[in-house]
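Beneath this line is the structure, given in structure tokens, with notes to follow.
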Amino acid sequence: MTIKAIIFDVDGTLADTEDAHRKSFNKAFAESNLDWHWDVPLYDKLLKVTGGKERIKYYVESFNTGFNKPADYDNFVKKLHAVKTVHYTAMMRAGDVPLRPGIKQLINDARKAGITLAIATTTTPENVGALLEVGLGKDWGSYFASVGCGDIVPKKKPAPDIFNWVLAELKLAPSDCIALEDSNNGLRSSLAAGLKTYVTVNQYTRAQDFSGAAAVFDDLSDLPAFYKTSGLGL
Ligand code: XBP
Ligand code: MG
């Protein structure tokens, strides 16, 4: 099978961003005069739910049931998440989170070989742009034939919606592509879209279940090993 496209997850895959997300949530809570604090162990539990807005609601419903929800609760969550995104994009623009090992080389090698690149992520387009403008340069958008982000689909990972949206944009069959993911939610999403999926783990996902993955790597620092395993032929 000749691989025509690689579909990348963002958070945890292109870059180890989840702790920057966690810190940005905490900055937004403080700025909004909320006495909420998400430490690493709690955030590890909250990552069960993808999507920042959905994660805030999960936190209230499952870990802060005493919170007195304001009348316009949805708007409250949306605004809180928007404040978080301002802090997160500032961290990305400051260069706080580099691309993970091997990612930039893989992207360059794949582009040289004429392999189509795409993104399928739960995070916001602003977050993707802020991360990749620093990681790949101002013209990062030209590297990707499709960038599927967050709210563009009705259901976030582990639903397959975002990968199906990208496949439709690429006009490619799942069998023509491979996906790169970092989490159980992401893997379930890409597998449900029919994609052969390779996983690189991180501090938050190392102990998760990756049944069904084509292979699991610590990271892509050994690109020749990844190229051999994935049959990318680069
Ligand atoms: C990971 C997520 C995102 C981030 C937070 O996305 O689930 O929700 O944790 O980003 P990916 P937002 O699919 O790239 O692994 O607050 O912008 O949702
Ligand atoms: Mg991820």
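The values are calculated or read from the model by the stated rules, or taken from the named source; none is laboratory data. No experiment lies behind these values; they were computed from the predicted model shown. All Cβ positions, even for glycine, are placed from backbone atoms using ideal geometry, and neighbour counts span all protein chains on display. Heavy atoms of the whole protein, side chains included, go into the accessibility calculation; ligands, DNA and RNA do not. Shrake-Rupley method; radii C 1.70, N 1.55, O 1.52, S 1.80 Å.
Explain nothing, just the number: relative contact order of the chain, from Cα pairs under 8 Å at least 6 residues apart, as a whole percent. Don't skip to the answer; put the middle values down first.
Numbers: 367 pairs, mean separation 58.7, N = 234.
It rounds to 25 percent for the chain.
Give me the percent of Cα-Cα pairs in the range 18-93 that sit more than 17 Å apart, rounded to a whole number.
Values: 1109 of 2850 pairs.
Beyond 17 Å sits 39 percent of the P(r) for the range 18-93.
For V147, what residues show an amide H to amide H distance below 5 Å, using hydrogens built from the backbone and excluding near sequence neighbours?
Under 5 Å from the amide H of V147: I119.
Pairing the Cα long axis of helix 52-63 with the longest principal axis of the chain, what angle in degrees results, from 0 to 90 and rounded to the nearest 10?
50
Go ahead and run the numbers for FRET between A215 and A82, Cβ-Cβ distance against an R0 of 45 Å, rounding to 0.05.
On the way: r = 38 Å, r/R0 = 0.84.
That gives a FRET efficiency of 0.75.
What is the gain in length, in nm to one decimal, between E54 and E126 on full extension, counting 0.36 nm per residue of separation less the C-alpha to C-alpha distance? Write out the running numbers ahead of the final one.
Numbers: separation 72, 0.36 × 72 = 25.92 nm, distance 1.75 nm.
That works out to 24.2 nm of additional length.
Evaluate the distance, in nm, between pseudo-label points positioned 7 Å from the Cα of E133 and of A207 along their respective Cα→Cβ axes.
For E133 paired with A207, the spin-label model returns 3.8 nm.
Putting +1 on Lys and Arg Cβ atoms and -1 on Asp and Glu Cβ atoms, find which of S146, V49, P125 reaches farthest to the positive end of the dipole of the chain.
Positive-most Cα among the choices belongs to S146.
For the chain, what does the accessible surface come to per residue with a 1.4 Å probe? Please give it in Å².
Numbers: 10360 Å² over 234 residues.
Normalised by residue count, the accessible surface of the chain is 44 Å².
Of S62, A20, M91, whose Cα points farthest to the positive end of the dipole of the range 18-93 (charges on the beta-carbon: +1 Lys, Arg; -1 Asp, Glu; origin at the Cα centre)?
Comparing the listed Cα positions along the dipole, M91 ranks first.
Please compute the length gained on full extension between S175 and K69, using 0.36 nm multiplied by the number of residues separating them and subtracting their Cα-Cα distance.
Working: separation 106, 0.36 × 106 = 38.16 nm, distance 4.57 nm.
Once the chain is fully extended between S175 and K69, it gains 33.6 nm.
Any chance you could check the Cα centroid distance between the range 148-167 and the range 56-97 for me, in angstrom?
What the calculation gives is 21 Å, centre to centre.
Would you mind putting 163-176, 63-76 in packing order, based on average other-beta-carbon counts within 10 Å, highest first?
Numbers: 163-176: 17.6, 63-76: 10.1.
In decreasing order of mean packing, 163-176, 63-76 become 163-176, 63-76.
How many percent of the accessible area of the chain is carbon or sulfur, using a 1.4 Å probe?
Numbers: 5390 of 10360 Å².
Exposed carbon and sulfur together represent 52 percent of the surface.
For the chain, report the convex hull volume of the alpha-carbon atoms normalised per residue, in Å³, without decimals. Numbers along the way, then the final one.
Working: hull volume 26.7 nm³, N = 234.
So the per-residue Cα hull volume is 114 Å³.
Assuming a ≥ b ≥ c are the square roots of the Cα gyration tensor eigenvalues, decide whether the range 91-224 counts as rounded (a/c under 1.5), prolate (otherwise, with a/b larger than b/c) or oblate. List each step's numbers first, then the result.
Working: a/c = 1.25, a/b = 1.14, b/c = 1.10.
Cα axes put the range 91-224 in the rounded bin.
Tell me, what ³J(HN,Hα) does each residue in the range 17-33 have, in order and in whole Hz, if you take phi through Karplus 6.51 cos²θ - 1.76 cosθ + 1.60 with θ = phi - 60° and put x for Gly and Pro?
Result, ordered by residue: 9, 4, 6, 5, 4, 4, 5, 5, 4, 5, 5, 5, 5, 5, 5, 9, 6 Hz.
Nearest 5 percent is fine: what portion of the DSSP beta bridges confined to the chain is antiparallel? Walk me through the numbers before you get to the answer.
On the way: 1 of 21 bridges.
Percent antiparallel among DSSP bridges in the chain is about 5.
Arranged from highest to lowest average of other beta-carbon atoms within 10 Å per residue, in what order do the peptides 103-111, 196-204, 39-47 appear? Walk me through the numbers on the way to the answer.
On the way: 103-111: 17.2, 196-204: 20.8, 39-47: 14.3.
Answer by packing, highest mean first, reads 196-204, 103-111, 39-47.
Over 30 Å between Cα atoms, which of K4/K79; K27/K156; K57/K138; K27/K48; K23/K157 qualify?
Working: K4/K79 40 Å; K27/K156 24 Å; K57/K138 34 Å; K27/K48 21 Å; K23/K157 22 Å.
The answer is K4/K79; K57/K138.
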